[in-house]
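These notes are about the structure you will find just below.
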C-alpha cells in the first residue's frame, strides 16, 4: 500500500487547492518534499497523519477537505473512516512529539515521559496536579469567603434584631437574631407589605403603651330638620304685607315699622298732633292707620323675630359641636390618621352648612329691618342643597363615630391589640429587609456549597492523580532500545535515557543533566522513540507508509549526517517513505542517497520523487499559496541554494509585468545572493559597506553612489540569513526591488562578467 497522489485539496491553509485535473504528484517508494518554513509542510504532514489518527485528531485547518489516492486505486476521503489505512501509516511531526514526549518543567534534573500513553497520562497528571493546586487555593479562598459571608450576615441579623427590639419596647423581654430568623422562616412565603411611616409610628406607640387609652364619647348632632326650617325662614323673607291698604305704605313699605312705632307712641301719649310734621292727627287718619297696622302685622313681625332667635341658636349649637370633637392624640395610634381625616371631613361639612345658615340669617336680618317688603332670596341656597349639606354632615358624624367606636373596641381588647401591633411591627421590618435577608441566606448557602464542592473536587482529583501515577509507571517503553537508536542518531553514546518511578530522566555521561535539554536532544529522543515504535502492536515495517517531517531540528552538521543515515537505514524496507524538510543539508543528505532512484541511468522506472513547495502570491492583493512542483534542477543538482536563488533574481529583473508572483520574497532572495557573491569576492568581516568600498576600489567603473541602493537592501533585509526568511514580507516597494535587482546584476557583471554568464547559462539549461 502506497500513496500515489493528493488528488483533491481544499481550504488547507497556505496549500493551494487541488483537483483531479491537476498534475499528479507521482509519489513513489521514496519521496522528498522540500519547502521553506511556512510553505505548508506541517499542514501536509497533518493531512497524511489523518490517515493514522482520523481527521478529528490531526489538527487540520478548519474546513479542510482532501482526497488521497493510493497506487492500488483506493481513495481516502476526509470525513470518512480510515480504519483500512490507520494501521499502515505512521507520521512523525511536531504533533507526534507533543503527543509522545512530555518534559516536566521547573526541575534541575528534568523528568520526561515517552510514548503516547505515558505522555497522555503525564499530561493528565500535570493537569490534575495543577488543577488540584488551583482548587486548594480556591478552597482556602472559598472558606474565607464563607466565613466573611457568615460574619456579615451575623452582623446584619444582630443590628436588624436590635432595631426591631427598640421598636417593640419589650421591657423585660428580648428580641434577638434567632427570633429574627424564626420570623423570616415563618413569613418568608407571605406577601408582606411595609407599614407607612404613620402606621409604623402608631404601632410603635401601641407597643409602648402600658395601659389602654381613655374611652371616647361619640358625637351627637341633630340636623335632620334643618332643610325644612331653612325653607320656612326663606319663605318668610320672601313674603310682603299685602293686606295693607294704605297708599303711602304701598309706595313706601320700608316706613311700616317707623309708622307703626310712631302710631303706638302717639296713642300711648295721647298726642293729637304729629311730632314729625306738626299736623293734626285726626280720628279719621288714626282709624286709617289702625286698619293698616292691625294685629296681623304684629303676628308676622313676631314670626320673624322668633325665627331669628331659633336660627341664631341653631348656628350656635352647631358651632359648639366643634368643641365636642376629640383631639387626634386621644385616639389609639393606628386610628389617629383616620380620626384626623374624619374630623376634617366633619369640620368641612359643618362649615358648609353653617355658611348656608349664616347667609339665611343675614337675609332674615334684612327682612326684619323691612318687614313690609319681600326680601331678595335668589342668592340663597335651595332647600335641596341645604338638605344635601345636612346629609353630608350626618355622614361625617357617622364616619367620625365609627372611628370612636373602633377606638373604644380596641381599648376593650387592649392586650390582644398590643400583641397584634407587635406582630405588625415585626412583619414590617421583615418585609423591609426580606430581600436583604434572602440575599444573605443565598450568599452564605452558595459560599458553603462552593466550599464543599471544592473539598469534594480535591478528593476526586486525589483519586485521579493516584490512577495516572500508576499508568505512568506501567506504560514506559524499553529504554535500551531507544538508547541504541539515540546513539546511532547522534553518532555518540554520551546521551541516554534512564527509567525512574515518575517517568524517565536524561543522562549525559551517566549523570543526570541539569536544566532543559537542547532542542536537538529532544528531537533525538523523539525520533528514536518513533523509529522504535513503528513496528509495535504487531505492525510490519514492510507494510508501513512512514512520513517524517523535519527530523533534524537543531542538530549540528555531524549529528545531522548521522540522523539522516539512521532514518534512511531504519526505513529502507518500509513500503513507502515520505520526508518533508525545510533544512537544506537534510534535503541534500536524502537527495544524494535517492538521486539515482529519482533519475535511474539504466532506463528503469524511478522509485523516488523529489518535490518542491513553491510559494507564490497571485496578484498584488492576492494571498500567498503553496504549489507542489517537481524540484528545480538547480536545487536537485547543487548542494547550495545560490543557483536557485540567482535564477529568481534573473527572472525577476527580466520580467516586464508590473507584478511578479515571487516579488514579495525578492528583497530577501537578492540579499542572500549578494551575501554569497560578496563572501567570495571580498572575504573578511568588514561588513557590507566595507565590501562595497573594496569593490569600487578594485573596479573603477562602479559608481559608489549608485551602490547605496544595495546598502538600502541590506539595511531593510538585515535579518535575512537563511532560506526560512524567504517567506516574510519586505518593506521595500516593487519599484525599489526592481531597481535593486537591476543594480545587483549590473554590479556582478562589472565585477565578474564570466561568473554572471556562467550562472545565466546554468539557469537556462
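Counting only alpha carbon atoms, the long axis of helix 226-238 and the longest principal axis of the chain meet at about 60°.
In this structure, residue 762 and residue 74 have a Cβ-Cβ separation that, at R0 = 41 Å, corresponds to a calculated FRET efficiency of about 0.45.
Can you compute the FRET efficiency between residue 275 and residue 238 using 1/(1 + (r/R0)^6), with r the Cβ-Cβ distance and R0 = 25 Å? Round to the nearest 0.05. After rounding, the FRET efficiency stands at 0.15.
Relative to its residue count, the chain spans a Cα convex hull of 426 Å³ per residue. Per the Debye calculation on segment 9-64 with a single equal scatterer at every Cα and no solvent contribution, log₁₀ I(q)/I(0) for q = 0.22 Å⁻¹ amounts to -1.03.
Length gain on complete extension for the stretch residue 458 to residue 519, per 0.36 nm per residue less the alpha carbon to alpha carbon distance?
Values: separation 61, 0.36 × 61 = 21.96 nm, distance 3.60 nm.
The residue 458-residue 519 span can extend by a further 18.4 nm.
The C-alpha radius of gyration of segment 532-585, expressed as a fraction of 2.2 N^0.38 Å, stands at 1.21.
Restricting to DSSP H runs of at least four residues, report the calculated mean residue ellipticity at 222 nm for the chain, -39500 (n - 2.57) per run over all residues, nearest 500 deg cm²/dmol. Before the final figure, lay out the partial values.
On the way: 25 runs with 432 residues, N = 765.
The helix contribution divided over the chain gives -19000 deg cm²/dmol.
Taking one equal scatterer on every alpha-carbon of segment 422-500, how large is log10 of I(q)/I(0) by Debye at q = 0.14, 0.16, 0.17, 0.18 1/Å? Here log10 of I(q) over I(0) equals -0.75, -0.81, -0.84, -0.87. Restricting attention to the chain, close to 60% of DSSP beta bridges with both partner residues there are antiparallel.
Only Cα sites of segment 500-602 enter the Debye sum here, all with the same form factor; the resulting log10 I(q)/I(0) across q = 0.10, 0.16, 0.21, 0.22 1/Å is -0.35, -0.82, -1.18, -1.24, listed in q order. Taking the simple approach of a point 7 Å from Cα along Cα-to-Cβ for both residue 379 and residue 21, what is their distance in nm? Computed distance between label sites residue 379 and residue 21 equals 11.2 nm. In this simple spin-label model, placing a label point 7 Å from the Cα along the Cα-to-Cβ direction at both residue 198 and residue 704 gives a separation of 10.6 nm. Spacing of the modelled spin labels on residue 228 and residue 151, each 7 Å from Cα toward Cβ, amounts to 8.4 nm.
Quote to one decimal, in nm, the extra length available between residue 344 and residue 654 on full extension: 0.36 nm per residue of separation minus the C-alpha distance between them. Walk me through the numbers on the way to the answer.
Values: separation 310, 0.36 × 310 = 111.60 nm, distance 11.02 nm.
Length gained, residue 344 through residue 654: 100.6 nm.
Our note on the geometry: Cα centres of segment 300-324 and segment 520-586, 130 Å apart.
In the chain, the longest principal axis of the Cα atoms and the axis of helix 283-292 are about 30 degrees apart.
Please order 638, 230 by the number of other Cβ within 10 Å, starting at the fewest.
On the way: 638 15, 230 25.
Ranked by crowding around the Cβ, least crowded first: 638, 230.
Taking Cα atoms only, the orientation of helix 116-168 departs from the longest principal axis of the chain by about 10 degrees.
No value in this document is a laboratory result; all are computed from the given coordinates. Bear in mind that the values here come from a model prediction, so they are computed numbers and not experimental data. Positions of Cβ are generated from backbone atoms using ideal geometry, with glycine treated the same way; all protein chains shown enter the neighbour counts.
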